[in-house]
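The next block holds one structure in the form of structure tokens; read it before the comments.
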């Protein structure tokens, strides 16, 4: 940078007026029951919990809390549907049901997006342009596999596993439901699915769609509740398969609970992805990729590029560009179509993030947060950059699951590969360079299940996703996403 | 060329920064997701009007046609109060005098294409003469074209020197350098041509002549805005941007304005540093302004077509 | 030590050591145990490996992983084939050793032959399974996207009790053909052929550390293997009698994969896949030509 040059100014005279999406296009009931055996059933205990909008802390609805008996009802219903209906149905017919669900999701896309944003806190732009369409794509993709499984594994016979218990997180509620349900159904399994307790609504809306699609009762059961409900699902003897997306900590508990049983499992857990930028990269596109890598969905992304490794020769310039870009991010009302960073999903998650920001400061790192006015109510965290960071710092080692980026530098390829792999996790990684041969070296040597080269945070129903090491096992998406739901004989 | 300091070293234009097409297109698409409403929209529409270079560059142009265009430039739509004028009128060199006279007393600038526009296929002497003629006729801004053939042949020094020579011939007139991006073939080459033009002394870089398709697109404009940003951080010198051709709807113009705001920020948000090279855009913006003010959807029949 | 040797000359008794990092060390613990022949008479001493031997073996396997997984698949295939060649040439000795451990002559011959066939079979898989399990994924954006199998890393192998040598060779092939390195706990009762097999490995161009073989008690070593933070997977022979629940629980410390070798389908490339991760790579595609261009 030339010495006298003033930094660019993004506090422009021209501002964007609020452009809120209308909440009235979505219908949210005052209370939701459990979706078991194709019907809405009251929880055995009669207990309900409240779900709130994290952007204003207002109550959105009351959600049924399932206990062990409810779980048992749901699993029995899934078993019955498996044995009596779903297993016997021709694969082509199964596929048509799944296609039907995909189409109905597309029809209700706007309503689903609004509810996803109201309850989850994510920007409406992301719900509308990413979560909902990608969820529908998953159903559409796997629908087509239902009658083609014999071609997927040449010389092998395949059989469904039975009842799949699926537990999903709060960061992509509808999309994760789709990732779980679509392949399970296509492979002939039946499902008991539990959304996270802070984000039940779109899964329940999906239950409405499933009911409307006339899926045979019990093929998909959606029950709500917190960790205890999940534990009851994992421990239920009638379950053949556990599919879990969430923290590594809980993943380990699940693996321990099913040790020695015949239950199969797929675990999609935490991450601490390295995003590596070489000096020859397309710098401005790399800046954009880094921003999307860490600030997409408020950083509530297991594959978020939370460790940025910059080649020393471009570090200063890159950080300046990153700050310029971050200055244009709009933090605020998730329902505003212009919002880039919405609300943190819950109070407890906000506390975790703020704790790590404190840790980062105490560890001696320099912090940068752009000036932004945050709403008074609700849970908010501005985009945060940490520089002067060391590999041994906790903000480099531990998953924060928020909009916090740790920036480190490197000099040689070897050094950065070693640092990037220096983590218990192995979910994803990013590399930015214009040199083809280096891309192939890096993508091969990075120990991670998904490697984005000159891009980041891309997802597709046809693309397998899942981790190495403590990021879990099994793949979701693509041909490889069929395997975890099949006995391959 | 003028150098900001003697120590400044020219970059090696064979090694200009690379651009990733998919990444540029994704970023450009992201700007179009901004929803511009209410007073923000009214403010932006006025801003767009004020950034337009009304253009007529046709073989059939006459003095009368140019006068009509200049009248339009000063009186965009008299029925609407409090609307700005356009930034400039852009004509061939032989109409500069007519345009200057027609715009006397207004803030509207006169720009002229020069340098064997639009192909640029002529000798250096003729291009310089073309430029000097326009300048002698009192032009405020010169829009030159680069020698794309030489550029593709890798003769970057030739292209650089030509721009530097024209810049010198411009005197006080500001120089806009047209890259003709539709003939360059890749974003990497657009980036390289942008760098050459800026280091050679361009006051503005401009996408297109309007005679070649594709003309301005958001991604290509973004590549050039990013080049301007890097040049600014390298040298401290501000360079303006002019997308030209293909921007005829106000909605698209607002997307460009968002792109400008979020790429270069406040210091570029005026017609001193950003222009739209367009002729039919103005009427669409006027229709939008009237719609915003009256709440009614508009008909083109009510807006003059000069 | 065996004293029932009837030959006129005093025979030289073989000392059975461990195979770690391409070397043949004794156990650091200085412990040993007596291995009996088929009739229950003492045959030889074998090392009673300690958890520190296990630790050393895992370190050696980790150190070898980058090099082994980074070799060309063709080269890995050649090395497995070389193992088969060396084993073929040492058949008589290995057969004798199996017989000493209680196999009949026919059984021993059959087992060694099967070991050789397995090595050759897997030598051929080294550069082929990737093509069966890789995909190019048609994503709905301007990106090139492909998925390939990659080795998990360091695999702990608990070898079988029946056909001890064959079980070991099968499990080893499954692991190393796919680029993993391994630490093998040889069968406690019949470890001798395993150590002799290590001599085959040591003379087969196999880099040190890719395969490490320990003798001793599974009950002693297994918990340490399952709990080791640098072991990525444990491959169990179905015939081993281990407390699977305890093993799987211990394995959760680093989410290691616990896999039972499907012996009924041992020739299938799916066995290699059992010890592979799938890596998916994305890269943008430049798309300058107008869509619909006819070239």
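Listing for the model above:
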quantity: Residue that is nearest to residue C:49 (Cα to Cα) [pool: residues in segment C:204-225 that are over 15 Å from the mean Cα position of the chain (by Cα) and buried (at least 24 other Cβ atoms within 10 Å of the Cβ)]; calculated: C:216
quantity: Counted residues, segment A:341-352 - those being surrounded by fewer than 22 Cβ atoms within 10 Å (Cβ to Cβ) and either in contact with a helix residue (DSSP H, G or I) (Cβ under 9 Å, 6 or more places away or on another chain) or on the phi > 0 side of the Ramachandran plot (or both); calculated: 0
quantity: Residue B:253 vs. criteria modelled with pLDDT of 95 or more, more than 19 Å from residue A:5 (Cα to Cα) and in a helix (DSSP H, G or I); calculated: yes
quantity: Qualifying residue in segment A:286-304 (condition: over 26 Å from the mean Cα position of the chain (by Cα), away from chain C (no Cβ under 14 Å) and either buried (at least 24 other Cβ atoms within 10 Å of the Cβ) or part of a loop (DSSP other than H, G, I, E, B) (or both)); calculated: no
quantity: In segment A:61-71, the residues that are part of a helix (DSSP H, G or I) and surrounded by 18 or more Cβ atoms within 10 Å (Cβ to Cβ); calculated: A:70, A:71
quantity: The listed residue being within 12 Å of another protein chain (Cβ to nearest Cβ), in a helix (DSSP H, G or I) and surrounded by fewer than 19 Cβ atoms within 10 Å (Cβ to Cβ), out of B:64, B:43; calculated: B:43
quantity: Residues that are outside any loop (DSSP other than H, G, I, E, B) and within 13 Å of chain C (Cβ to nearest Cβ), drawn from segment A:276-285; calculated: A:285
quantity: Qualifying residue in segment B:36-46 (condition: modelled with pLDDT of 95 or more and touching a strand residue (DSSP E or B) at 6+ places or on another chain (Cβ under 6 Å)); calculated: no
quantity: Number of the condition not met by residue A:115 [criteria: (1) assigned to a helix (DSSP H, G or I); (2) surrounded by fewer than 20 Cβ atoms within 10 Å (Cβ to Cβ)]; calculated: (2)
quantity: Segment B:8-33, subset within 11 Å of chain A (Cβ to nearest Cβ) and more than 25 Å from the chain's Cα centre (by Cα), residue modelled with the highest pLDDT; calculated: B:15
quantity: Filter pass, residue A:329 being over 23 Å from residue A:197 (Cβ atoms) and either within 14 Å of another protein chain (Cβ to nearest Cβ) or surrounded by 18 or more Cβ atoms within 10 Å (Cβ to Cβ) (or both); calculated: yes
quantity: Selection from segment B:231-245 of residues that are crowded, with 21+ Cβ neighbours inside 10 Å and not in a strand (DSSP E or B); calculated: B:231, B:232, B:239, B:243, B:245
quantity: Residue within segment A:254-265 that is within 24 Å of residue A:45 (Cβ to Cβ), within 14 Å of chain C (Cβ to nearest Cβ) and surrounded by 22 or more Cβ atoms within 10 Å (Cβ to Cβ) present; calculated: yes
quantity: Filter pass, residue C:229 being over 13 Å from the mean Cα position of the chain (by Cα) and surrounded by fewer than 24 Cβ atoms within 10 Å (Cβ to Cβ); calculated: yes
quantity: Single residue of segment B:260-270 satisfying the filter (more than 7 Å from chain A (Cβ to nearest Cβ) and buried (at least 24 other Cβ atoms within 10 Å of the Cβ)) that is farthest from residue B:175 (Cα to Cα); calculated: B:263
quantity: Sole exception among (1) touching a helix residue (DSSP H, G or I) at 6+ places or on another chain (Cβ under 8 Å); (2) surrounded by fewer than 22 Cβ atoms within 10 Å (Cβ to Cβ); (3) under 23 Å from residue A:348 (Cα atoms) for residue A:228, by number; calculated: (1)
quantity: Within segment B:137-173, considering residues that are in contact (Cβ under 8 Å) with a residue 40 or more places away in the chain and assigned to a strand (DSSP E or B), the one farthest from residue B:274 (Cα to Cα); calculated: B:145
quantity: Matching residues in segment A:75-132 - criterion: being within 14 Å of chain B (Cβ to nearest Cβ) and within 24 Å of residue A:485 (Cβ to Cβ); calculated: none
quantity: Residues within segment B:95-112 that are in contact (Cβ under 8 Å) with a residue 12 or more places away in the chain and over 18 Å from the mean Cα position of the chain (by Cα), tallied; calculated: 8
quantity: Yes/no for residue C:250 being within 13 Å of another protein chain (Cβ to nearest Cβ), in a helix (DSSP H, G or I) and within 22 Å of residue C:161 (Cα to Cα); calculated: no
quantity: Options A:185, A:206, A:193, A:175; residue that is within 30 Å of residue A:406 (Cβ to Cβ) and not in a loop (DSSP other than H, G, I, E, B); calculated: A:175
quantity: Tally of residues being under 22 Å from residue B:52 (Cα atoms) and in contact with a helix residue (DSSP H, G or I) (Cβ under 6 Å, 6 or more places away or on another chain) across segment B:138-169; calculated: 4
quantity: Given (1) away from chain B (no Cβ under 14 Å); (2) surrounded by 15 or more Cβ atoms within 10 Å (Cβ to Cβ); (3) not in a loop (DSSP other than H, G, I, E, B), index of the condition residue A:358 fails; calculated: (2)
quantity: Matching strands (runs of 3 or more DSSP E) fully within segment A:373-489 where at least 2 residues are in contact with a strand residue (DSSP E or B) (Cβ under 9 Å, 6 or more places away or on another chain), within 30 Å of residue A:189 (Cα to Cα) and more than 9 Å from chain C (Cβ to nearest Cβ); calculated: A:486-488
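For every residue, the table says whether it meets (1) in contact with a helix residue (DSSP H, G or I) (Cβ under 8 Å, 6 or more places away or on another chain); (2) within 14 Å of chain A (Cβ to nearest Cβ).
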position	(1), (2)
C:118	yes, no
C:123	yes, no
C:145	no, yes
C:175	no, no
C:182	yes, no
C:186	yes, no
C:191	yes, no
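The values are calculated or read from the model by the stated rules, or taken from the named source; none is laboratory data. Keep in mind the model is a prediction, meaning the values are calculated, not measured. Cβ: placed from backbone, ideal geometry, glycine included. Neighbour counts: every protein chain shown.
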